[in-house]
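So the structure is just underneath, and the comments pick up after that.
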Amino acid sequence: MATVKGRTRVKEYIARTPKQVANVLRGAGRVAANVVAEEARHRSVSSEVSGAIKVSVKAEGSIITARVLVKGKGAYLAPWLEYGTSPHFISVDDSQRRGMSIGKLNKLAKEPDSNHSLVIGGNFVGKTVLHPGARPYPFLRPALDVKAGDAVAAAQKYINSHIGPAGITEGADK
């Protein structure tokens, strides 16, 4: 009768493999997303937005998702920058006036350390002003369009450097 040695070690190796592959794939996703994120930072015309561009990688079951997102300080500017704004009216909301007249708000707005609105360049512009809108400066979608191929290549290089004939490299990124 034939005997088999190492069965336990083989079972342990096979049991470990899916987790190790998932770790490698998360690392590959991160590398690919970083390629796109770097291009987005380069294309952004706002240093605040550039500083808020982040990469996120998550695994849910067998699905691994890598995202480039704008999060944190400056993130509120990103949609306006990416898509621009339509012309719109700006006015002081009655709930914010606290019973003050527009003249009083204007006087307060000119004081040092004031955070009141509707004064542009030190001049009162009225109770309501028509903002002409802002032109878009797309940075996220063009970054993906331009760097998609490089991102895939970076992910493939990462995978190739961590999985090979000798097995899965220990210490693969998580």
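The values are calculated or read from the model by the stated rules, or taken from the named source; none is laboratory data. Keep in mind it's a predicted model, so treat the numbers as computed, not measured. A quick note on method: Cβ atoms are made from the backbone with ideal geometry, for glycine too, and the neighbour counts reach across all protein chains shown.
Among the residues of region 17-51, write down those that are outside any helix (DSSP H, G or I) and surrounded by 18 or more Cβ atoms within 10 Å (Cβ to Cβ). The one that is outside any helix (DSSP H, G or I) and surrounded by 18 or more Cβ atoms within 10 Å (Cβ to Cβ): SER44. Within region 52-86, the residues that satisfy the criterion of being of a type outside the set (Ser, Thr, Tyr), more than 12 Å from PHE139 (Cβ to Cβ) and assigned to a strand (DSSP E or B) are LYS54, VAL55, VAL57, LYS58, ALA59, GLU60, ILE63, ILE64, ALA66, ARG67, LEU69. Within region 128-166, the residues that satisfy the criterion of being loosely packed, with under 14 Cβ neighbours inside 10 Å, part of a helix (DSSP H, G or I) and of a type in the set (D, E, K, R) are ARG141, ASP145, LYS157. Taking every residue in region 147-163 that is in contact (Cβ under 8 Å) with a residue 12 or more places away in the chain and pairing it with any residue that is not in a helix (DSSP H, G or I), at least 6 positions away or on another chain, the pairs with Cβ-Cβ distances below 8 Å are HIS162/ILE168; HIS162/THR169; HIS162/ALA172; ILE163/THR169. Does region 89-99 include one or more residues that are modelled with pLDDT of 70 or more, touching a Pro at 6+ places or on another chain (Cβ under 7 Å) and farther than 19 Å from SER47 by Cα? No, the conditions are met nowhere in region 89-99. The residues on offer are VAL4, VAL49, VAL55, VAL31, and the sole one that is closer than 18 Å to ILE163 by Cα and either of a type in the set (A, V, I, L, M) or at pLDDT 95 or above (or both) is VAL31. Only a single criterion out of (1) aliphatic (A, V, I, L, M); (2) at pLDDT 85 or above; (3) surrounded by 15 or more Cβ atoms within 10 Å (Cβ to Cβ) is not satisfied by ILE102, namely (2).
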